[in-house]
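Q: The structure that follows is given in the form of structure tokens.
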Amino acid sequence: MTVPEWTRLENSAIIYPSCKTRKYASVYRISVCLDQDVIPSRLDEALKTVIRRFPSFRFSIRNGLFWWFLRRLENEPAVSNPGRLESFDIGGNAGYMFKLSCTGPRVDLDVFHALTDGTGAMTFLLSVVAEYLKAVRGAEIEYGKWVYDPSSEPQEEELEDGFDRFSGTKGSLDSERKAYHVKGLEERHDVLNSLGVKVSVEQAAAKAKELDCTLTELLCAAMMVSLQEVRARDKRRRKSPFIRMEVPVNLRPIYGSSTLRNFSSYVYITLDVTNGDFSLEDAVREVKYQKRLYVQKSHLTRRIAANVALEDNLAIRCIPLFIKRPVINIINHLKGDNYSTYTFSNLGNISLPEGMTEYVKDVHFILGRTRQRFGSCACVGYGGMLNLDFSRKIAEDDFERCFVRVLRAAGIWATVRVPAEPLRPASGSASSERAVFSRSGLIPKFLLSI
């Protein structure tokens, strides 16, 4: 296939560059822990081999006159020095919107969310790890859902903008009210506190079956029950009665897309505690019925269509980016995070080829520092265990402790690790290589595209 020299930034990703600063960016980390220490030079070779199969990862974000756009990179990526999970300089990272690093037996992939969502990033990282294991350990890899053959040809569908393709014709946005927010002693901008919780899939699945819900619904309900306990201890007189969870939804299986770019939306699940608190069983019922309503294709399409219509509105499109960016940032600051109390993102269960399972000991997923919400939780299942990695910008860990108690009261034993496995102190420095772009056929539409 022919990889375009430039492409539009997909609709859901527009918010990320508008809010990016030196101290904050929507960045997340996916980690794979192997059975032996990783050789950085061999990992770098695997990265350079696999990147050819993932052309969507070879784009860098650029400022146009009216909108941001993605421009193809010609230089090769390189394994970075390990560091904290935080905003990084894309220009100083050879233009790439991801950083691959390793420490001991662990391989970490830090991703700026404008590049792709968790599903796309997990597929890329596991494909790199598979190539590394094939070259260094002689692993025999059977390629499939999470692991792509680097010698195969990229597909056109993997580069498509799913929001543009499936936006529908008419849409509307839901009206939301301000949610309850947990307050605490906020850490410095370069501090991200974390806590890891590991639970048995078997135990959690048994409880979910008893309550007639999915694992995501059970965990979401347990978090909301924990948040209402934190709220009950909150001494503030004026506090919202709405405990609202933001739950990202992978749209690929719903719409039949195989894109490796951002293609996820979210649903808001709300508990109104005005008239009293919910038990876990009552919370599960609320979560189950709300989530199943909001993830219906018709509901999601209506929201996608409304967001795409805003982006395509001629009056909005013609506003210069230097005006548009602060306006989007202000709107997100005033409304975006105010609508939800917490974020819970579940990537689901990772099933690897048999040739990899003997070498891959664990998989983790953790979200970076938030702007206004106090924290978030990311979950991934592997090897019969669920890894829940909590991250927060405040010092207090009351919520996480409540959550562990709720799980144990429900008969689900939880093992706690502080800090979470994927985080560590910074060491080394970022790459100083600069981005190199193709110069063939450059025309002003790069900058003037609306």
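Q: Checking the structure you have, find out if any residue of region 69-80 is within 13 Å of F124 (Cβ to Cβ), touching a helix residue (DSSP H, G or I) at 6+ places or on another chain (Cβ under 8 Å) and open to solvent by 10 Å² or more (accessible area, probe 1.4 Å). Give the derivation first.
A: If we filter region 69-80 for residues that are within 13 Å of F124 (Cβ to Cβ), which is where we start, we get 77.
Keeping just the survivors that are touching a helix residue (DSSP H, G or I) at 6+ places or on another chain (Cβ under 8 Å) gives 77.
If we keep only those that are open to solvent by 10 Å² or more (accessible area, probe 1.4 Å) as well, we get none.
No, there is no match, as no residue in region 69-80 is within 13 Å of F124 (Cβ to Cβ), touching a helix residue (DSSP H, G or I) at 6+ places or on another chain (Cβ under 8 Å) and open to solvent by 10 Å² or more (accessible area, probe 1.4 Å).
Q: Additional query: Out of region 187-243, which residues are of a type in the set (G, A, S) and under 25 Å from the mean Cα position of the chain (by Cα)?
A: Keep residues of region 187-243 that are of a type in the set (G, A, S), which gives 194, 196, 200, 204-206, 208, 221-222, 226, 232, 240.
Answer for region 187-243, where residues must be of a type in the set (G, A, S) and under 25 Å from the mean Cα position of the chain (by Cα): S194, G196, S200, A204, A205, A208, A221, A222, S226.
Q: In addition: Count, please, the residues in region 211-229 that happen to be closer than 17 Å to R392 by Cβ and surrounded by fewer than 19 Cβ atoms within 10 Å (Cβ to Cβ).
A: 1
Q: (1) in contact (Cβ under 8 Å) with a residue 60 or more places away in the chain; (2) open to solvent by less than 20 Å² (accessible area, probe 1.4 Å); (3) small (G, A, S): which one isn't true of A208, the others all being true?
A: Just one mismatch for A208, condition (1).
Q: Still on this structure, please answer the following. How about region 363-377: which of its residues are open to solvent by less than 30 Å² (accessible area, probe 1.4 Å) and either over 18 Å from S87 (Cβ atoms) or polar (S, T, N, Q) (or both)?
A: At the first step, the residues of region 363-377 found to be open to solvent by less than 30 Å² (accessible area, probe 1.4 Å) are 363-366, 368, 370, 373-377.
V363, H364, F365, T370, F374, S376, C377, listed by residue number.
Q: Another question, then. Give me the pairs: first residue in region 100-116 and in contact (Cβ under 8 Å) with a residue 12 or more places away in the chain and under 20 Å from E45 (Cα atoms), second residue open to solvent by 20 Å² or more (accessible area, probe 1.4 Å) and among the basic types (K, R), beta-carbon distance under 6 Å, and six or more apart or on different chains, which are they?
A: That search, which allows pairs on different chains as well, returns D110/K99.
Q: Only residues that are of a type outside the set (D, E, K, R), touching a strand residue (DSSP E or B) at 6+ places or on another chain (Cβ under 8 Å) and at pLDDT below 95: list them for region 129-179, please.
A: L159, A179 - these are the residues of region 129-179 that are of a type outside the set (D, E, K, R), touching a strand residue (DSSP E or B) at 6+ places or on another chain (Cβ under 8 Å) and at pLDDT below 95.
Q: Right, here's the next one. Would you point out the residue of region 109-127, among those that are under 21 Å from R369 (Cα atoms) and among the hydroxyl-bearing types (S, T, Y), that is most open to solvent (accessible area, probe 1.4 Å)? Give the steps one after another, and end with the answer.
A: Keep residues of region 109-127 that are under 21 Å from R369 (Cα atoms), which gives 109-122.
Applying the additional criterion that residues be among the hydroxyl-bearing types (S, T, Y) yields 116, 119.
Values: T116: 0, T119: 26 Å².
Looking at the filtered set, the residue picked out is T119.
Q: Another question about this same structure. Given the conditions (1) in contact with a Cys (Cβ under 9 Å, 6 or more places away or on another chain); (2) crowded, with 20+ Cβ neighbours inside 10 Å; (3) not hydrophobic (A, V, I, L, M, F, W, C), report the number of the one that P105 does not fulfil.
A: Evaluating P105 over (1) in contact with a Cys (Cβ under 9 Å, 6 or more places away or on another chain); (2) crowded, with 20+ Cβ neighbours inside 10 Å; (3) not hydrophobic (A, V, I, L, M, F, W, C) leaves (2) as the failure.
Q: Six or more apart or on different chains, Cβ under 9 Å: which pairs go from a residue in region 322-351 that's on the phi > 0 side of the Ramachandran plot to one that's of a type in the set (A, V, I, L, M) and open to solvent by less than 60 Å² (accessible area, probe 1.4 Å)? Could you list them?
A: Close Cβ pairs (under 9 Å, with a partner that is of a type in the set (A, V, I, L, M) and open to solvent by less than 60 Å² (accessible area, probe 1.4 Å)) amount to G348/L215; G348/V380.
Q: Name every residue in region 344-356 that is over 17 Å from T123 (Cβ atoms) and under 24 Å from the mean Cα position of the chain (by Cα), in order of residue number.
A: If the condition is that a residue be over 17 Å from T123 (Cβ atoms) and under 24 Å from the mean Cα position of the chain (by Cα), then F344 is the only one that fits.
Q: Right, something else. Being buried (at least 23 other Cβ atoms within 10 Å of the Cβ) and aromatic (F, W, Y) is the filter here, so list the residues in region 378-406 that pass it.
A: Once the filter is applied, which keeps residues that are buried (at least 23 other Cβ atoms within 10 Å of the Cβ) and aromatic (F, W, Y), region 378-406 yields F390, F399, F403.
Q: So, one more: Which of (1) closer than 30 Å to C402 by Cα; (2) surrounded by fewer than 13 Cβ atoms within 10 Å (Cβ to Cβ) does S298 not meet, given it meets every other one?
A: (1)
Q: For the subset of region 32-63 comprising residues that are assigned to a helix (DSSP H, G or I), of a type in the set (S, T, N, Q) and out of contact with any Lys or Arg (no Cβ under 7 Å at 6 or more places or on another chain), which member is surrounded by the fewest Cβ atoms within 10 Å (Cβ to Cβ)? I'd like the intermediate steps shown before the answer.
A: To start, the set of residues in region 32-63 that are assigned to a helix (DSSP H, G or I) comprises 40-53, 55-58.
Keeping just the survivors that are of a type in the set (S, T, N, Q) gives 41, 49, 56.
Checking the rest, the ones that are also out of contact with any Lys or Arg (no Cβ under 7 Å at 6 or more places or on another chain) come to 41, 49.
Values: S41: 8, T49: 17.
Step by step, filter region 32-63, then rank; the result is S41.
Q: Has region 155-171 got at least one residue that is within 20 Å of F365 (Cβ to Cβ), surrounded by 15 or more Cβ atoms within 10 Å (Cβ to Cβ) and in contact with a Leu (Cβ under 9 Å, 6 or more places away or on another chain)? Can you show your working first?
A: First, the residues of region 155-171 that are within 20 Å of F365 (Cβ to Cβ): none.
Taking every residue of region 155-171 in turn, none turns out to be within 20 Å of F365 (Cβ to Cβ), surrounded by 15 or more Cβ atoms within 10 Å (Cβ to Cβ) and in contact with a Leu (Cβ under 9 Å, 6 or more places away or on another chain).
Q: Here is a further query. Please go through region 128-144 and give me each residue that is buried (at least 21 other Cβ atoms within 10 Å of the Cβ), out of contact with any Leu (no Cβ under 6 Å at 6 or more places or on another chain) and not hydrophobic (A, V, I, L, M, F, W, C), ordered by number.
A: Within region 128-144, E131 is the sole residue that qualifies.
Q: Being touching a Leu at 6+ places or on another chain (Cβ under 7 Å) and either under 18 Å from V197 (Cβ atoms) or open to solvent by 20 Å² or more (accessible area, probe 1.4 Å) (or both) is the filter here; which residues of region 353-362 pass it?
A: So in region 353-362, the residues touching a Leu at 6+ places or on another chain (Cβ under 7 Å) come out as 356, 359-361.
Selection gives Y359, K361.
Q: Look at region 263-289 and say how many of its residues are closer than 17 Å to N346 by Cβ, open to solvent by less than 30 Å² (accessible area, probe 1.4 Å) and not small (G, A, S).
A: 7
Q: Sticking with this structure for a sec: Looking for whichever is of a type in the set (S, T, Y) and either more than 21 Å from R244 (Cα to Cα) or touching a helix residue (DSSP H, G or I) at 6+ places or on another chain (Cβ under 9 Å) (or both) here; the options are Y294, Y289. Which one fits?
A: Working: Y289 fails: either more than 21 Å from R244 (Cα to Cα) or touching a helix residue (DSSP H, G or I) at 6+ places or on another chain (Cβ under 9 Å) (or both).
Only one candidate qualifies: Y294.
The values are calculated or read from the model by the stated rules, or taken from the named source; none is laboratory data. The structure presented is a predicted model; accordingly, all values stated were derived computationally and were not measured. Reconstructed Cβ throughout: ideal geometry from the backbone, glycine too, with neighbour counts over all protein chains shown. SASA here: full protein model, heavy atoms, side chains in, ligands and nucleic acids out. Shrake-Rupley method; radii C 1.70, N 1.55, O 1.52, S 1.80 Å.
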